[in-house]
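One structure below.
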Amino acid sequence: MDKNRTEGAKNQIKGTAKEVTGKLTGNTSKEIEGKAQKTAGKVQSEVGKASDEIRKGR
C-alpha cells in the first residue's frame, strides 16, 4: 500500500475533526481549514491508489 493512501486517510480524519470543531465553536476559519485538509486528504489518497495501480500493472 502506498504511503500516500495512509497519509491521505489521516488528513481526511484530521480535517473532519477540525471541520466539526469549527462548526461546534462557531469558528468559521477552523471549519474552512478542516474542509480544505479533508479535501487534500482525499486527493492524496487517490494519488496513492493510482500509484498502487501503476505498480500492479508492472
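The values are calculated or read from the model by the stated rules, or taken from the named source; none is laboratory data. Predicted model only: the values in this text are computed from it and were never measured. Positions of Cβ are generated from backbone atoms using ideal geometry, with glycine treated the same way; all protein chains shown enter the neighbour counts.
Are any residues in region 39-58 more than 15 Å from Arg5 (Cβ to Cβ) and either of a type in the set (Lys, Arg) or within 9 Å of the chain's Cα centre (by Cα) (or both), and if so, which ones?
First, pick out the residues of region 39-58 that are more than 15 Å from Arg5 (Cβ to Cβ): 39, 57-58.
Across region 39-58, the qualifying residues are Thr39, Arg58.
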>> What's the number of the only condition in (1) modelled with pLDDT under 95; (2) of a type outside the set (Ser, Thr, Tyr); (3) touching a Ser or Thr at 6+ places or on another chain (Cβ under 8 Å) that Gly57 fails to meet?
In response: (3)
> Using beta carbons and a limit of 7 Å, which pairs, at least six apart or on different chains, have the first residue in region 1-24 and hydroxyl-bearing (Ser, Thr, Tyr) and surrounded by fewer than 18 Cβ atoms within 10 Å (Cβ to Cβ) and the second one modelled with pLDDT of 95 or more and not in a loop (DSSP other than H, G, I, E, B)?
Replying inline: Thr16/Gly34; Thr16/Lys38; Thr21/Lys30
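Could you tell me whether Ala36 is assigned to a helix (DSSP H, G or I), within 14 Å of the chain's Cα centre (by Cα) and loosely packed, with under 15 Cβ neighbours inside 10 Å? Outline the logic, then answer.
Working: assigned to a helix (DSSP H, G or I): yes; within 14 Å of the chain's Cα centre (by Cα): yes; loosely packed, with under 15 Cβ neighbours inside 10 Å: yes.
Answer is yes for this residue.
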